[in-house]
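The structure under discussion appears below in the form of structure tokens.
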Amino acid sequence: MSDNKVLIFDTTLRDGEQSPGATMTHDEKLEIASMLDDMGVDIIEAGFPIASEGDFAAVSEIAKNSVNSRICGLARANFADIDRCWEAVKHAKQNRIHTFIGTSPLHRAIPNLTQDEMADKIHQTVTHARNLCDNVQWSPMDATRTEWDYLCRVIEIAIKAGATTINIPDTVGYTAPAESADLIKRLIETVPGADEVTFATHCHNDLGMATANSLAAVAGGARQIECTINGLGERAGNTALEEVVMALKTRHDIMPWTTGIDTTKIMAISRRVSTVSGFLVQPNKAIVGKNAFAHESGIHQDGMLKNRENFEIMRPEDVGLSGTSLPLGKHSGRAALRDKLEQLGFEVGDNQLKDIFVRFKELADRKKEVFDDDVVALVRADSGEDEDDRLQLVSMKVVCGTGGPAESTIEMEVDGKDMSATAEGDGPVDATFKAIRQIHPNTARLQLYQVSAVTEGTDAQATVSVRLEEDGVIATGQSANTDTVVASAKAYIHALNRLLVRRDKVGEGADAKEVSYKDLA
Ligand code: KIV
Ligand code: ZN
């Protein structure tokens with residue numbers, strides 16, 4: 001590997017997916033993995049195989065389907081985790097076991113191990129992993145808050161036991177750029193055998209410094225960046241893949257490192273991850289936010305017309321945004337829609353195209369111009385409904401005014417049976433959710449209800465995300481419609497359907513409670 005190449009290790013499907021509410025279905029995980037592979041991600045951390053039957057099945061299948069990427073699974077520092085991980089990743093042409101243990105004083109206290117006992121455990125588990133797989137990554141979790149001498153000692157043990165990559169996690173997003181660079185540099189200079197392995201950086205964004213810390217770590221000698229699409233991840237998230245990759249590309253003059261990422265695939269995967277995780281991208285998010293390439297103020301527009309470089313440091317095409325794009329209208333046909341979907345990076349099969357086209361026609365009848373963002377929302381809505389769903393919205397009528405509560409009448413099909421209910425509520429959405437609950441009684445708690453307008457204007461579509469939690473199981477639903485209340489009802493029903501699917505799986509013998517990688521017992 002050239003000294004200037006930085007490996008991109010994507011953990012959207014592990015650290016990202018582990019974030020509460022970001023749960024993806026099996027098929028969604030396979031689809032995201034295939035997109036990551038296709039865009040040139042070097043290593044895909046596909047999941048945590050011992051956590052659940054579902055995680056194991058997803059990692060195994062991703063491993064079987066992998067083309068160019070190395071497939072990695074996560075394992076805590078015990079033989080059972082490592083064996084399970086190997087069983088899943090062994091199917092890949094290139095595989096990796098990633099094993100870790102918390103080494104900081106706070107994290108050592110969780111399993112209540114002395115420094116010596118932990119050192120011994122690291123030696124045994126890394127040796128065991130290396131006996132199974134010739135590519136082993138080891139992480140001292142909370143490395144940035146681990147005592148310097150102890151950190152050097154355990155890294156040396158891991159290297160001697162056969163680790164090929166040493167990852168330095170900033171688990172709680174505590175470090176800062178100068179410190180991040182210095183830590184990696186000093187470790188490489190100090191630890192015997194460090195020059196034989198790859199050093200990786202894994203940053204969390206609690207102080208908003210994950211991208212800067214990761215790039216600084218590369219300056220210090222790290223040659224693998226761990227990141228997620230859209231910065232998905234627990235709390236403030238992980239380092240965003242699109243940010244580090246575009247920073248390295250755009251400022252190659254001062255950061256002379258390259259990645260193997262095809263940056264034109266960034267927007268498509270960003271949209272897809274947002275859709276399947278239910279985590280909307282903030283409009284002003286670097287690189288992939290809706291406004292990242294929008295130049296709205298008069299001065300900016302004038303400057304842009306004179307010379308794009310006045311205000312644009314990256315070309316929209318470089319991240320996969322089509323340049324100027326004409327809206328579709330009610331006379332646009334199926335071929336034009338397919339063309340637009342391809343431009344936006346969506347590959348849809350004939351059946352999905354048929355469904356999206358029906359919705360497109362309905363939308364175009366209500367709205368004069370159907371913009372790119374409307375089309376993205378249509379795809380989003382399409383992935384939110386399925387004719388096999390047990391709960392289907394048939395019709396709804398809402399009455400609201402200034403004088404009293406709103407009233408909503410809902411007709412649904414539940415397992416093929418027609419049912420209806422009317423409820424009053426504090427506003428139309430509250431009344432609608434209450435009516436749905438009368439039809440399908442449940443104890444799911446509403447964790448998130450989020451509405452955003454897709455485009456401008458009063459005829460804009462609204463995208464609604466709903467996150468529900470019931471008995472520790474979390475499910476997200478989404479929908480888009482020019483009527484916010486209809487979109488809300490559909491998003492709520494979508495989330496309920498996903499909860500039902502997960503509950504059915506538990507009934508079939510799958511794990512009711514998943515293991516968290518932070519359960520260190
Ligand atoms: O943040 C962290 O420390 C992790 C480890 C499991 C590498 O995600
Ligand atoms: Zn992490």
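The values are calculated or read from the model by the stated rules, or taken from the named source; none is laboratory data. All of these numbers come straight from a predicted model, not from anything done at the bench. Backbone-built Cβ (ideal geometry, glycine too); neighbour counts: all protein chains shown. With ligands, DNA and RNA removed, areas are computed over all heavy atoms of the protein, side chains included. Shrake-Rupley method; radii C 1.70, N 1.55, O 1.52, S 1.80 Å.
A compact table of results
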| quantity | calculated |
| --- | --- |
| Solvent exposure of the chain as accessible area per residue, Å², 1.4 Å probe | 44 Å² |
| Local electrostatic count, Asp365, Cβ distance below 12 Å [Lys/Arg +1, Asp/Glu -1] | +4 |
| Rounded tilt (10° steps) of 241-250 against the dominant C-alpha axis of the chain | 70 degrees |
| Rule-of-thumb Rg ratio for the chain [Cα; 2.2 N^0.38 Å; N residues] | 1.03 |
| Ellipsoid semi-axes in whole angstrom, largest first, where each is sqrt(5λ) of the Cα gyration tensor of the range 19-78 | 18, 14, 10 |
| Relative contact order of the range 325-383, defined on C-alpha pairs under 8 angstrom at six or more residues apart (%) | 49 percent |
| Protein accessible area in the chain, 1.4 Å probe - carbon and sulfur % | 49 percent |
| Kirkwood Rh and Cα Rg combined as Rg over Rh, evaluated for the range 75-129 | 1.05 |
| Equivalent ellipsoid semi-axes - Cα gyration tensor, the range 377-456, angstrom | 21, 19, 13 |
| For the range 207-275: rounded, prolate or oblate by the Cα gyration tensor [a/c cutoff 1.5] | oblate |
| Degrees between helix 79-89 axis and first principal axis of the chain (Cα, 0 to 90, nearest 10) | 60 degrees |
| Translational diffusion coefficient (Stokes-Einstein; Kirkwood radius from C-alpha pairs) of the range 391-508 at 10 °C, 1.306 mPa s, in µm²/s | 109 µm²/s |
| Relative contact order, percent, the chain [alpha-carbon distance under 8 Å, six or more residues apart] | 11 percent |
| Per residue, the convex hull volume that the Cα atoms of the range 321-448 enclose (Å³) | 157 Å³ |
| Residues of type lysines that Lys265 reaches as a straight line, Cα spacing below 26 Å, ignoring anything fewer than 8 places off in the same chain | Lys5, Lys29, Lys64, Lys93, Lys249, Lys285, Lys290, Lys340, Lys354 |
| Rg(Cα)/(2.2 N^0.38 Å) for the range 325-383, N = residue count | 0.96 |
| Relative contact order, percent, the range 84-236 [alpha-carbon distance under 8 Å, six or more residues apart] | 20 percent |
